[in-house]
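For reference, the structure discussed in these notes is given below.
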Amino acid sequence: MTTAAAEAARSYKQAADQGDAQAQARLGTCYELGEGVPQDQAAAVRLYSQAAAQGHACAQTYLANCYAAGKGVAQSWEAAARLYKQAAEQGTAQAQSNLAKCYLNGEGVEQDEAAAVRLYRRAVAQGHLGAQYNYGICYAQGRRGLTQSYAEVVRLFRLAAEQGYDAAQFNCACCYAEGKGCVQDLAMAVRFYTQAAAQGHAGAQFNLGIAYAEGQGVAQSSAEAARLWRQAAEQGEVEAMNRLGSCFAQGEGEIAQSWTEAARLWRQAAALGHAGAQTNLAYC
């Protein structure tokens, strides 16, 4: 807990005690994150509630998040959706995006795909990266009110990907790798896989490993493939476990041959239902 954070919290408290909604919201965040004060989810909810009652849109969104997750308050999708709606009507992009998800899944509100699409569109217009990604998913699935369009999917994924959203980077890479909604571009696929992999996205690490193993869009490197598969396997990516097991069995990718390690990895993958790993275990 830094001195600066503690001083900021004290200043927020002084203003919050006088009913300042902005200070209440900021002090609530301090309590939620444990910045400058001991972490206290119940105190965060109390302060967010005070600010939300004054119409503070960010506080309404934060409080809705607490209800959605059951943090410091009993979980309630109905309360979350109600608060998201209040903030969304004030133009808060995060609330619009979260409320859209509620409508899409029927969480706290009656399921309404058309309403979800409208809300995602509003949030996208404000540059909200989560909405850009999820609106792209809506186009991919041809949700109500939208004509399925992979060209639009790629455009939206790329908007979110360029802002650093790992799931968008991964899916954008998949589109470029397959030429889905765009001209196939393996080098572009590698670029986005690399960005997502650097953020720890297991699927991107695995797919990038495939690209290195096969020299697709990048110079072939068995060692780099094995390194990436190891990262993905450590996160539970089952196909990466199987591939890395094969690397150990064959001594590929600058890895010392080890049937013991190969068997360990195949056993992990087999326990997760991977048929190839189950077959490979028969050779041990």
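The values are calculated or read from the model by the stated rules, or taken from the named source; none is laboratory data. On a predicted model such as this, the values are computed, not experimentally measured, just so you know. Backbone-built Cβ (ideal geometry, glycine too); neighbour counts: all protein chains shown. Areas reflect the complete protein model, heavy atoms only, side chains present, ligands, DNA and RNA absent. Shrake-Rupley method; radii C 1.70, N 1.55, O 1.52, S 1.80 Å.
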Site Ser222, offset 7 angstrom along Cα→Cβ, radius 15 Å on amide nitrogen, limited to segment 230-249, gives 243-249
Starting from the Cα-Cα distance between Ala74 and Glu214, subtract it from 0.36 nm times their residue separation and give me the gain in nm to one decimal.
45.3 nm
The answer for Val109, listing residues at least 5 apart or on another chain whose modeled amide H is closer than 5 Å to its amide H, is none
Residue-wise HN-Hα coupling along segment 5-14, computed from phi with Karplus coefficients 6.51, -1.76, 1.60 (Hz; x: Gly, Pro):
5, 5, 5, 4, 4, 4, 5, 4, 5, 4
With +1 assigned to the C-beta of every Lys and Arg and -1 to the C-beta of every Asp and Glu, and no other charges, what is the dipole magnitude of segment 93-228 about the Cα centre in debye, to the nearest 20?
280
Orientation-averaged projected area, Cα convex hull of the chain (nm²):
18.5
Nearest-ten-degree value, helix 238-250 long axis tilted from longest Cα axis of the chain
30
Residues of segment 20-47 with backbone N under 19 Å of the label point set 7 Å from the Cα of Ser11 along Cα→Cβ are 20-38
Helix 21-33: inclination vs the chain longest Cα principal axis, degrees, rounded to 10, gives 40
Taking θ = phi - 60°, what integer Hz values does the Karplus form 6.51 cos²θ - 1.76 cosθ + 1.60 yield along segment 230-236, in sequence order, with x for Gly and Pro?
4, 4, 5, 4, 5, 9, x
Rounded to 0.05, the calculated FRET efficiency for the beta carbons of Ala187 and Glu89 at R₀ = 35 Å is 0.20
Let me spell out the model: positive unit charges on the Cβ of Lys and Arg, negative unit charges on the Cβ of Asp and Glu, origin at the Cα centre of segment 171-247. What dipole size does that give, in debye rounded to 20?
80
In order through segment 69-77: 3J(HN,Hα) via Karplus (6.51 cos²θ - 1.76 cosθ + 1.60), integer Hz, x for Gly, Pro:
8, x, 9, x, 7, 4, 4, 7, 5
Mind putting a number on the dipole of the chain about its Cα centre? Charges go on the C-beta only, +1 for Lys and Arg and -1 for Asp and Glu, and I need it in Debye to the nearest 20.
440
Taking the alpha-carbon centroid of each part, what is the distance from segment 79-103 to segment 1-46 in angstrom?
24
What is the extension gain from Gln163 to Gln54, computed as 0.36 nm multiplied by their sequence separation minus the C-alpha to C-alpha distance, in nm to one decimal?
36.0 nm
To the nearest 10 degrees, how steep is helix 113-125 against the longest Cα principal axis of the chain, on a 0 to 90 scale?
90
Rounded to the nearest Å, what's the spacing between the alpha carbon centres of segment 137-201 and segment 208-284? Just the number, please.
26
Nearest-0.05 FRET efficiency for Thr3 and Gln126 at R0 = 25 Å, using Cβ-Cβ distance, is 0.10
Judged on accessible area alone, 1.4 Å probe, highest first, Val154, Val73 line up as Val73, Val154
